[in-house]
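The values are calculated or read from the model by the stated rules, or taken from the named source; none is laboratory data. All of these numbers come straight from a predicted model, not from anything done at the bench. Neighbour counts run over all protein chains shown; Cβ positions are idealised from the backbone, glycine included. Keep in mind that these areas ignore ligands, DNA and RNA; they rest on the heavy atoms of the full protein, side chains included. Shrake-Rupley method; radii C 1.70, N 1.55, O 1.52, S 1.80 Å.
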Amino acid sequence: MKKLKINYLLIGIVTLLLAVALWPSIPWFGKTDNRIAAIQSRGVLRVSTVVTPLTYNRQDDKVWGLDYELASAFADYLGVKLQVTVRQNINQLFDDLDSQRADILAAGLVSNSQRSQNYQAGPTYYSVSQQLVYRMGKPRPRTLAGLTEAQLTLAPGHVAADDLLNLKAKKYPDLNWKVDDKRNSGELLQQVAQGNLDYTIADSVAISLFQRVHPQLAVALDITDEQPVTWFSQRSSDNSLSAALLDFFNRINEDGTLARLEEKYLGHGEGFDYVDTRTFLRAIDNILPELQPLFEKYSGEIDWRLLAAISWQESHWDTQATSPTGVRGLMMLTRNTAQSLGLTDRLDAEQSISGGARYLQEMMAKVPQSVPEEERIWFALTAYNIGYAHMLDARALTAKQKGNPDSWADVKQRLPLLSQKPWYSKTTYGYARGHEAYAYVENIRKYQISLMGYLQEKEKQAAKAQAEAKSQAEAELSTMQASLAATPLSSFIPLYGQLPLTPFFRGDAGEKNRSAEQSILVQAPLQ
């Protein structure tokens, strides 16, 4: 995917100017004849979205996603509760706006001229490009020329349809495609990855995340340049909702919330490696089942899947792993660290995992309290890799360069400087392999995404298979019952007459039954 760039200074200036311009029309604090007042009177902000790894996701009673977190923060800003409605595709989202079932669409939607004519776009919070994808090993199209509706499939309401119409009119007159009304963009990506479809189009961020679970999906070409991603609301002469959104995004831009969320969900999307990802996914199937109980047992406050990702980065889940520097085991602990943790055998899987988890939690506890809770793990992992003192140097260097030492997005950019003499000579603890620490943490984050997505995919497939098996069994039972109901009772009478209504007994009764049977056999005509 292309590198995402957000000019927060420009966003802040534009947002401030627009907020000032709209301020006379912001009456939500004292009047009731506008959309903000209606939302606050209702006590609920109604948001429609779609399920994707980036926008909205739910697993194990936990909900996450960039748009979900932003929508939750906006609901708090308005002082109301958040009500999320999940839809199957983009067309259904805009139907919710048209029918006034939603106040806002928060689903990673691209703003273009067509949508902006009919709906009110909010502030831009990141950008994407539209890309054509195919399955590795199949023919890769170099241009859109000649693509047919049998090859190219889009999801309902996809923004790329407008771009394709323009390209068809201006450059590719023989370009054609079809819309699958039954599948959303994520489902079409899966169909391409499985080889059931030739091509589809999706945005660069969605593709990057999808490749972490389906590495066989590949980008053929870019369809568009970067496009702004925004929320949408109904177009209206009442600007109160637009003004509130401008003020809200300006605030979270100024206090660093927007930058932290961007880093959390978008900050590790580059550097996809097909072979590495495929190797990791195979190990999830073949090696992880034996180790998973140990990761779950000793993870503590750390998500066990993150602990597993750390261990994969350290040793590729090889219990006998040993580096030239002497670190060993699943968590690659030094001898001194192992002794300080009371471990007797670094090559023992349980000891290594339990020790590594405890050591990492000790590092997290030492991270300054000013660091946001959800980012403390990345600072701790940096300390785990290059040492706590060098992590402090990276923070100090960030502060000297007018960055935020409590922001992982800012600090990670300074880590490579720790291996450059003009910079490490000015630090307290000197040279460190900062570039390796940067790659170390980013790799772990990518493995965590792959692991979580792959396990979730397997759970969905298992649930689907179970549902299909149940449905098939019910259908067979229903067919059997219908067949029995339609069969005349006489069809159940045995060839040699009706069965006795009383059980057989030994003695005379049994002899009488056998005699009767013999009599019937004798009297039966020859065929």
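Values for this structure:
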quantity	calculated
Summed side-chain charge close to TYR274 - residues other than TYR274 whose Cβ falls under 13 Å, Lys, Arg +1, Asp, Glu -1	+3
Nearest-20 debye value, region 266-353 charge dipole, Cβ charges on Lys, Arg, Asp, Glu	200
Low-density loop positions, trypsin sites (Lys or Arg not before Pro), region 49-123 - DSSP coil, at most 16 other Cβ in 10 Å	ARG101
In nm, spacing of pseudo-spin labels at TYR172 and TYR429 (7 Å Cα→C-beta vector)	5.3
Dipole of the chain [Lys/Arg +1, Asp/Glu -1 at C-beta], most positive-end residue of SER237, TYR429, ALA220	TYR429
Of all DSSP beta bridges in the chain, antiparallel share, percent nearest 5	65
Cα-centred dipole magnitude for the chain, charges only on beta-carbon of K, R (+1) and D, E (-1), debye, nearest 20	880
Helix runs (DSSP H) in the chain reaching 30 Å along axis by Cα, Kyte-Doolittle at least -1.0	434-486
Farthest positive-ward along the chain dipole, Cα basis, beta-carbon charges - from VAL192, SER129, LEU45	SER129
Carbon/sulfur fraction of accessible area - the chain, other protein chains in place, 1.4 Å, %	52
Low-density loop cleavage sites - GluC sites (Glu not before Pro) in region 408-487, where at most 14 other Cβ are within 10 Å (DSSP)	none
Chain lengthening between TYR77 and GLU290 when straightened (0.36 nm per residue, less Cα-Cα)	72.1 nm
Inter-part distance where region 118-189 and region 353-382 are each reduced to a Cα centre, Å	43
Potential lengthening between ASP61 and VAL179 on full extension [0.36 nm per residue; Cα-Cα distance subtracted]	39.1 nm
Average accessible area per residue (Å²) across region 220-319 - probe 1.4 Å, nucleic acids and ligands excluded	42
Relative contact order (%) - the chain, alpha-carbon pairs under 8 angstrom, separation at least six	13
Burial ranking of peptide ranges 180-187, 66-73 (average Cβ count within 10 Å, highest at the top)	66-73, 180-187
Inter-part distance where region 252-282 and region 36-71 are each reduced to a Cα centre, Å	21
Of the trypsin sites (Lys or Arg not before Pro) in region 251-318, those whose Cβ has at most 16 other Cβ within 10 Å and which sit in DSSP loop	none
Geometric extent, Cα atoms of region 118-266 - Rg, Dmax (angstrom)	17.7, 53
Whole-Å semi-axes of the ellipsoid equivalent to region 179-228 (Cα gyration tensor, √5λ, descending)	17, 14, 10
Read-out semi-axes √(5λ) of the Cα gyration tensor in Å, derived from the coordinates shown; its label in (i) 48, 29, 27; (ii) 35, 31, 22; (iii) 54, 38, 25	(iii)
Relative contact order of region 357-418, pairs being alpha-carbon contacts under 8 Å that are 6 or more residues apart, as %	27
Pairs from LYS168/LYS460; LYS264/LYS460; LYS366/LYS460; LYS264/LYS426; LYS297/LYS458; LYS171/LYS446 whose Cα-Cα separation, in the structure shown, is over 27 Å	LYS168/LYS460; LYS366/LYS460; LYS264/LYS426; LYS171/LYS446
Given charges at beta-carbon only (K, R positive; D, E negative), |dipole| of region 397-476 in Debye	740
